[in-house]
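K.L.:
This is the structure, below, for whatever I ask next.
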Amino acid sequence: MAGQVELRAMDEQVLAGLLAVAVADAAPEEVMPPVAGPPGWTQTRQEAFRAWHRARRPGLAGPLGEVTFAVVDDGSIVGSARLARRDPSTPGVLETGLWLARSRRGRGTGTAALRLIRAEAARLGADHVVADTRSHNAAALGALRRNGAALSPAPDGDQVEARLPVT
C-alpha cells in the first residue's frame, strides 16, 4: 500500500532521480512523447526526457503553460505528474497526466497522487481537472473514480475522458 505520498518540484536533483526511475522501471513510451530512433532508453531519449521536464519549470505562467512534479512515496521518487492549461477559453480547467514506475503500480499511490494533483490545481485557481486514459487501463480508471471523476468514453470506445472536481 502507498505510504506518505507527496508531489515534489522538479529541480535538477529530482529530475535525475526521476530519470533513474524511468530508465529502471518504465518504458519510454509510457513516460514521455515519442522520440525517433532505436527502442529503449538511448542517450538521445534520456536527454529528450530531461529537456521535456526542464521546459516545464516555468510552470503554468510559462510559455508551455505546464508544470511537472515528481511523485514521491515514502521518500522515494516513483513517478511523475503534470498539470497543463488545456484550452485558453476554459481557464478554470487544467489537464493532468500521471505515470508510476511499474513496480509501484496497484498500491494506491496513483489515487493519493491524484488527490494531491487536485489540491495543487485548486491552489493554482482551477475549478476542474481533466485526464485522458484508455478504456482498458483499469488501474487509472479506478484511481480516477476514487477521486470523484465523471468518466466519458470516446465514440471510438478506446479513450476515456475524466473530469475531476478540485479539492
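The values are calculated or read from the model by the stated rules, or taken from the named source; none is laboratory data. Treat the numbers as computed from the prediction; the structure is a model and nothing was measured. Note that each Cβ is placed from the backbone with ideal geometry, even for glycine, and that neighbours are counted across all protein chains shown. Please note that ligands, DNA and RNA were not included when accessible areas were found on the heavy atoms of the full protein model with its side chains. Shrake-Rupley method; radii C 1.70, N 1.55, O 1.52, S 1.80 Å.
K.L.:
Under the definition of Cα pairs under 8 Å and six or more residues apart, what whole-number percent is the relative contact order of segment 1-58?
P.N.:
Relative contact order here is 37 percent.
K.L.:
How large is the direction-averaged shadow of the alpha-carbon convex hull of the chain, in nm²?
P.N.:
9.8
K.L.:
I would also like to ask the following. Convex hull over the Cα atoms of segment 5-74, averaged projected area in nm²?
P.N.:
About 5.0 nm², averaged over all directions.
K.L.:
List residues of segment 53-76, by number, whose backbone nitrogen lies under 15 Å from a label position 7 Å along Cα→C-beta of Ala36.
P.N.:
Zone members listed by number: none at all.
K.L.:
Do you know the relative contact order of the chain, to the nearest whole percent, from alpha carbon pairs under 8 angstrom that are 6+ apart?
P.N.:
20 percent.
K.L.:
Here is a further query. Rounded to the nearest 5, what % of the DSSP beta bridges within segment 2-136 are antiparallel ones?
P.N.:
Antiparallel bridges make up about 90 percent of those DSSP assigns within segment 2-136.
K.L.:
Let me ask you something else. Note the angle between two axes, namely the Cα long axis of helix 43-55 and the longest principal axis of the Cα atoms of the chain, as a number of degrees from 0 to 90, rounded to the nearest 10.
P.N.:
In the chain, helix 43-55 runs at an angle near 40 degrees to the longest axis.
K.L.:
How big is segment 116-167 in terms of Cα radius of gyration and Dmax, in angstroms?
P.N.:
Just the Cα atoms of segment 116-167 yield Rg and Dmax of 11.3, 34 Å.
K.L.:
Give me the percent of accessible area attributable to carbon and sulfur for segment 61-103, probe 1.4 angstrom.
P.N.:
After summing per-atom areas, the C and S share lands at 53 percent.
K.L.:
Using a 1.4 angstrom probe and counting only protein chains, how large is the accessible area of Leu144 in Å², to 10?
P.N.:
In the full protein context, Leu144 sits at about 10 Å².
K.L.:
Same structure again: Let me know the charge dipole size of segment 25-66 about its Cα centre in debye, to the nearest 20, where only the beta-carbon of Lys, Arg (+1) and Asp, Glu (-1) is charged.
P.N.:
240
K.L.:
Per-residue ellipticity at 222 nm for the chain, helices alone: DSSP H runs ≥ 4 residues times -39500 (n - 2.57), over residue total, nearest 500 deg cm²/dmol?
P.N.:
Dividing the helical sum by the residues of the chain leaves -10000 deg cm²/dmol.
K.L.:
With the radius of gyration and the Kirkwood radius both derived from the Cα set of segment 66-136, what is their ratio Rg to Rh?
P.N.:
0.99
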